[in-house]
Amino acid sequence: MHETANDSVFSLIASQEGVRDGLLRIRRFLDASFLDQNACGILEIVLAEALNNVVEHAYDMCETGAISVALQLRIGGTSIDILDNGAAMAGNTLPEGRLPPLDCAVHNLPEGGFGWALIRSQTDALWYRRTKGRNHLHMHLPHRPA
Amino acid sequence: MNLTKTQTGQYAIITVNAGRIDAAVAIQFKDAMRAQIDDDATHFVLNLEQVMFIDSSGLGAIVAAMKMLGPGKRMDLAVLSPDVEKVFRLTRMDSIFQIHDTLHALEPRQAG
């Protein structure tokens, strides 16, 4: 009988290496849960984009902060709450996040701008709040069949 | 970022000897690719069989490497893990690259 609810909180160092280390720890937790590999992969991809954004923008690539990642795994989907003490999101709001167009010459192909589009495409709830000097990003990912 | 290059028939196969291409190594990957594609080969294949995960920075670095190729040259991808394939599919970048499921398919066929 598999457990069908798993919760865990991870603390990450706010650097690119810290995010990599954190994602590896989170993936081990996900792989050991009741989720299938497709859901684990989607979660790692979405977490990578959200966490890289915190490192690059909230902490401006300075390795002085910490990031907290809380996961609540349920049958219907996974809730993710990411907290950090970095700078507020520009305009106190989430980027729109449309996929960049690909119908262009090779030398004009986009090399970035995928992150928020990836996050938005996989979440059915997404909000950002700035409270007491902290950033709080909430995401919910429904578990879709592969 | 450790890359190795081998020739298989008409293809110059560049193998990524790393488990991840992510934000932490995207710049090193681009620099290493620049060194590998600086030769006379015209058809490169990026072998990703050891790469279990990429993020959008890694994806951008692969696109950047493809854009470094001179005119008349091309770069395909080979052996995507399920999570790497997801990133290409979800960003529609799978429509930009030819993707080979195996390296075996690239080997020259026996004559006769």
Legend entry - Unique residue being in contact with a Gly (Cβ under 8 Å, 6 or more places away or on another chain) and not small (Gly, Ala, Ser) when the list is A:38, A:52: A:52
Legend entry - Members of the range A:111-124 that are more than 7 Å from chain B (Cβ to nearest Cβ) and outside any helix (DSSP H, G or I): A:113, A:123, A:124
Inset, instruction - Name the residue, out of B:32, B:12, B:23, that is in contact (Cβ under 8 Å) with a residue 24 or more places away in the chain, within 14 Å of chain A (Cβ to nearest Cβ), buried (at least 16 other Cβ atoms within 10 Å of the Cβ) and of a type in the set (Gly, Ala, Ser). - result: B:23
Inset, instruction - Return the only residue of A:81, A:60 being more than 21 Å from residue B:88 (Cβ to Cβ), touching a His at 6+ places or on another chain (Cβ under 7 Å), away from every other protein chain (no Cβ under 12 Å) and surrounded by fewer than 20 Cβ atoms within 10 Å (Cβ to Cβ). - result: A:81
Inset, instruction - Quickly run through the range B:1-20 and pick out the residues that are within 11 Å of the chain's Cα centre (by Cα) and of a type in the set (A, V, I, L, M). - result: B:3, B:12, B:13, B:14, B:16
Inset, instruction - Check A:52, A:6 and return the single one that is at pLDDT below 95 and under 22 Å from residue A:136 (Cα atoms). - result: A:6
Legend entry - Residue in the range A:135-145 that is modelled with pLDDT of 90 or more and among the basic types (Lys, Arg) present: no
Inset, instruction - For the range A:118-134, indicate whether the set of residues that are in contact with a helix residue (DSSP H, G or I) (Cβ under 7 Å, 6 or more places away or on another chain) and within 24 Å of residue B:75 (Cβ to Cβ) is non-empty. - result: yes
Inset, instruction - Inspect all residues belonging to the range A:8-27 and state whether any of them is over 20 Å from residue B:22 (Cα atoms) and touching a residue at least 40 places away in the same chain (Cβ under 8 Å). - result: yes
Inset, instruction - Among the numbered conditions (1) buried (at least 17 other Cβ atoms within 10 Å of the Cβ); (2) more than 13 Å from the chain's Cα centre (by Cα), tell me where residue A:122 comes up short. - result: (2)
Inset, instruction - Answer yes if at least one residue in the range B:98-112 is modelled with pLDDT of 95 or more and either on the phi > 0 side of the Ramachandran plot or buried (at least 21 other Cβ atoms within 10 Å of the Cβ) (or both), and no otherwise. - result: no
Legend entry - Subset of the range B:35-75 that is at the interface with chain A (Cβ under 10 Å from one of its Cβ atoms) and among the charged types (D, E, K, R) - its residue that is farthest from residue B:105 (Cα to Cα): B:55
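The values are calculated or read from the model by the stated rules, or taken from the named source; none is laboratory data. If you're wondering where the values come from, they're calculated on a predicted model, not measured in any experiment. Cβ coordinates were reconstructed from backbone atoms using ideal geometry, including for glycine residues, and neighbour counts include every protein chain displayed.
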